[in-house]
Amino acid sequence: MILSIETPAILFPAITLLMLAYTNRFLALSQLIRTLHHDYQNINANHIVKQIKHLRFRLFLIRLMQSLGACALILCIISIFSLLMSYQSLGTSLFIGSLIIFLGSIISSLIEILLSTRALNILLVGFEDSQQKS
């Protein structure tokens, strides 16, 4: 199989855009942690404790998806460079590795999104409980 330079070049912008989205998720989670920490110090509500338990694993997943995305980008760049230098088999292998690592990054992102949804549901239950008490 002969891999043209355009094939890994197509993956390049996708990875960089996804890295931007990952960074935005990290910033949003950082803000959430700061808000929850402030709320917990003032309120000490049960639903806040439940959310905080999920945050450490979500931070791990965001770090994992960013790291895997960066590794995929590096392999994609080296793949393009290898193809430019006419190392066809090395370029193909690196591109396949880039795809596999990129897939791991996307799976980590999916898991983090599912956990984020669970955390939002916990918050909604806490809100509903406080509404019923009023």
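The numbers here are math on the coordinates, done by the rules we state, and not lab data. Not measured: the values here are computed from a predicted model. We place every Cβ from the backbone using ideal geometry, glycine too, and count neighbours over all the protein chains shown.
What 222 nm value per residue comes from the helices of the chain, counting each DSSP H run with n ≥ 4 as -39,500 (n - 2.57) and dividing by all residues, nearest 500 deg cm²/dmol? Please list the in-between numbers first.
On the way: 3 runs with 122 residues, N = 134.
Rounded to the nearest 500, the figure is -33500 deg cm²/dmol.
Relative to the longest principal axis of the Cα atoms of the chain, helix 6-42 runs at roughly 20 degrees.
Per residue, the convex hull spanned by the Cα atoms of the stretch 78-134 amounts to 51 cubic angstrom.
Taking every Cα-Cα distance in the chain and sorting them into 10 Å bins starting at zero, the pair-distance distribution P(r) comes out as 12, 33, 22, 16, 10, 6, 1, 0 percent.
Ranking Ala119, Tyr40, Phe95 by Cα position along the charge dipole of the chain, where only Lys, Arg, Asp and Glu carry charges on their C-beta atoms, puts Tyr40 farthest toward the positive end. Between helix 88-133 and the chain, what is the angle of the helix's C-alpha long axis to the longest principal axis, kept within 0 to 90° and rounded to the nearest 10? Long axis of 88-133 versus the principal axis of the chain: about 10 degrees.
With +1 on each Lys and Arg Cβ and -1 on each Asp and Glu Cβ, how big is the dipole of the stretch 5-105 about its Cα centre, in debye rounded to the nearest 20?
Values: 7 positive and 2 negative charges, 104 e Å.
It works out to roughly 500 debye.
In the chain, the longest principal axis of the Cα atoms and the axis of helix 46-84 are about 10 degrees apart. Selection among Phe26, Val49, Leu68 by position relative to the dipole of the stretch 17-101 gives Val49 as farthest towards the positive end (Cβ unit charges, Cα centre).
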